[in-house]
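Below: one structure, written as structure tokens.
The values are calculated or read from the model by the stated rules, or taken from the named source; none is laboratory data. Not measured: the values here are computed from a predicted model. When we count neighbours, we look across all protein chains shown, and the Cβ atoms used for this are built from the backbone with ideal geometry, even at glycine. In case anyone asks, the SASA skips ligands and DNA or RNA and just uses the protein heavy atoms, side chains included. Shrake-Rupley method; radii C 1.70, N 1.55, O 1.52, S 1.80 Å.
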Amino acid sequence: MAALADPSAKAYRFAVLLLASFLLFGSYFAYDSLGAIVEPLMRRFGVGREAIGRTYTMYSLAAIPTVLLGGYLTDRLGTRRASLLFSALVTAGAAIVALAPSLGVLYFGRLVFGMGSESLVVAQNAILARWFTGKELALAFGIALTMSRLGTLFTFNTEALLAERYGIEGALGTAAALCLASLLANLVYIALDRRAEPVLGLAEAGAGDRIVLRHLRFGTTYWLLVGICVTFYSAIFPFTALSTDFFHDKWGLPLTAPGEGLGIFGSVASNVLHMFSTAPGTSSIIIFASMVCAPFAGRLVDRIGRRATLLVLGSLLMVPSHLVLGLTTLAPAVPMLVLGAAFVLVPAALWPAVPLVVAKERVGTAFGLMTMVQNVGLMVFPWVNGMLRDRTASYAASQILFASLGAAGLALSLLLWRADRAAGRRMERP
């Protein structure tokens, strides 16, 4: 306990890390909470899958301008006040969604939620840089990412169970409560940070990933990376947004694992242990693979390089995976594991490649612009996915769409590989 009272102690620093990592747990849980309970929501509001897909569109619609503002606000207000503002928006948005009496109010809640969530990522990055630059920074980012992904893993494996036992209000109320818990963790972090600042002489770390207009000049290689980013993430997150309904309807996978006689925590544990045999659990396989393998993949890429080659491989894996899911009745766990492998390889090669192809002073703008364009894809394709499923009464068209996005990403990756080869294979070096 004495170490926790000393800002210079390692225990104090890792208490800050734990709190900062938890900032996004509630946000990640709430992001996919609607996709995990598609059927109850459709019954509640009397709508189709297109309307549920549009809830993700609302989130990304709000996220696009906040990518522009989040970095500036973090720099302007400082990490403490900025993170508190963004956490409050996340909590307010999740609460509006949980209490929404109509679809319009639910959309409004997702807009408020999206305004805070993407900016909170920027603030968290600045917090970690403030505390861990030169001191376990890579470890800090890895722990924070794992904690965030745990939020997504648990939403897919708990929300359907909560909706079954406590109704939609209980499921979405839990998401809002977890956002509130993340807000409370933020308040504790602020207290620790304020106490440590005069002792350690902490300096504000720049938000980094923000767009500076005078830096908006990039070469062809960067724009190929942006194209790969958009096509790749547009074939993953809009797919998982409605995949629980997909696996339940097409393969008849149950929404919850057997849990007779178990309490709520025992039932949640049963759902996680039976991940491969439930519809929400199957949806979470991609995230589970990322949680387990992403830290090792990052280290592998640092050691062997081959970033352009790995982008080709990851994009290639997506095409047959989506086609098998859409056009066959083979068990979905295997193609989902393959998609999980792609979800490990592509981000591990994509994001670290950006500093290799743009000037140092433009890296923050490059990341911010890529994230903004990425959200354009995430705004469009969940709505398109839901529309195709409603209008065709099947899943084949949606999966062909996602396979086509994978094919487009493959073509862009091949062009990138060729351009990098002509430029001296910089992306392929360790």
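Would a scan of region 138-157 turn up a residue that is out of contact with any helix residue (DSSP H, G or I) (no Cβ under 6 Å at 6 or more places or on another chain), open to solvent by less than 10 Å² (accessible area, probe 1.4 Å), more than 23 Å from residue 92 (Cβ to Cβ) and among the small types (Gly, Ala, Ser)? Within region 138-157, not a single residue is out of contact with any helix residue (DSSP H, G or I) (no Cβ under 6 Å at 6 or more places or on another chain), open to solvent by less than 10 Å² (accessible area, probe 1.4 Å), more than 23 Å from residue 92 (Cβ to Cβ) and among the small types (Gly, Ala, Ser). Listed by first and then second residue, the pairs with beta-carbon distance under 9 Å, at least 6 apart or on different chains, first residue in region 237-259 and surrounded by fewer than 24 Cβ atoms within 10 Å (Cβ to Cβ), second of a type in the set (Asp, Glu) and assigned to a helix (DSSP H, G or I), are 248/39; 249/39; 255/39; 255/164; 256/164.
Taking only region 295-311 into account, find how many residues are assigned to a helix (DSSP H, G or I) and open to solvent by less than 30 Å² (accessible area, probe 1.4 Å).
Of all residues in region 295-311, those assigned to a helix (DSSP H, G or I) come to 295-304, 307-311.
Okay, now just the ones that are also open to solvent by less than 30 Å² (accessible area, probe 1.4 Å), so 297-298, 301, 307-308, 310-311.
Selection size over region 295-311: 7.
Listed conditions (1) modelled with pLDDT of 95 or more; (2) surrounded by fewer than 24 Cβ atoms within 10 Å (Cβ to Cβ); (3) farther than 21 Å from residue 16 by Cβ are all met by residue 165, apart from (1). Regarding residue 340, is this residue closer than 20 Å to residue 32 by Cβ, out of contact with any Lys or Arg (no Cβ under 8 Å at 6 or more places or on another chain) and either of a type in the set (S, T, N, Q) or crowded, with 20+ Cβ neighbours inside 10 Å (or both)? It is true that residue 340 is closer than 20 Å to residue 32 by Cβ, out of contact with any Lys or Arg (no Cβ under 8 Å at 6 or more places or on another chain) and either of a type in the set (S, T, N, Q) or crowded, with 20+ Cβ neighbours inside 10 Å (or both).
If the condition is being surrounded by fewer than 17 Cβ atoms within 10 Å (Cβ to Cβ) and part of a loop (DSSP other than H, G, I, E, B), then region 1-30 contributes 1, 2, 6, 8, 9.
Do you know which of the residues in region 359-368 that are open to solvent by 20 Å² or more (accessible area, probe 1.4 Å) and in contact with a helix residue (DSSP H, G or I) (Cβ under 9 Å, 6 or more places away or on another chain) is farthest from residue 117 (Cα to Cα)?
Keep residues of region 359-368 that are open to solvent by 20 Å² or more (accessible area, probe 1.4 Å), which gives 359-363, 367.
Cutting the leftovers down to in contact with a helix residue (DSSP H, G or I) (Cβ under 9 Å, 6 or more places away or on another chain) gives us 359, 361-363, 367.
Details: 359: 28, 361: 26, 362: 24, 363: 22, 367: 17 Å.
Result: 359.
Mind checking whether some residue in region 254-276 is more than 16 Å from residue 337 (Cα to Cα), of a type in the set (Asp, Glu) and over 24 Å from the mean Cα position of the chain (by Cα)? Yes, because at least one residue in region 254-276 is more than 16 Å from residue 337 (Cα to Cα), of a type in the set (Asp, Glu) and over 24 Å from the mean Cα position of the chain (by Cα).
Among residues that are among the hydrophobic types (A, V, I, L, M, F, W, C), in contact (Cβ under 8 Å) with a residue 24 or more places away in the chain and closer than 22 Å to residue 389 by Cα, residue 42 is not included.
Restricting attention to region 185-221 and to residues that are over 25 Å from residue 86 (Cα atoms) and either crowded, with 18+ Cβ neighbours inside 10 Å or in contact with a Lys or Arg (Cβ under 8 Å, 6 or more places away or on another chain) (or both), the residue that is modelled with the lowest pLDDT turns out to be 215. Here residue 383 meets the list (1) under 16 Å from residue 233 (Cα atoms); (2) open to solvent by less than 40 Å² (accessible area, probe 1.4 Å) almost entirely, failing just condition (2).
Whenever a residue of region 324-341 is closer than 19 Å to residue 275 by Cβ and among the β-branched types (Val, Ile, Thr), its partners that are surrounded by 15 or more Cβ atoms within 10 Å (Cβ to Cβ) and at pLDDT 95 or above, lying with C-beta atoms within less than 9 angstrom and at least six residues away or across chains, give the pairs 334/321; 334/324; 338/317; 338/318; 338/321; 338/324.
Quick grid of which residues meet (1) touching a Lys or Arg at 6+ places or on another chain (Cβ under 8 Å); (2) closer than 30 Å to residue 423 by Cα:
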{"position": "356", "(1), (2)": "yes, yes"}
{"position": "369", "(1), (2)": "no, yes"}
{"position": "375", "(1), (2)": "no, yes"}
{"position": "396", "(1), (2)": "no, no"}
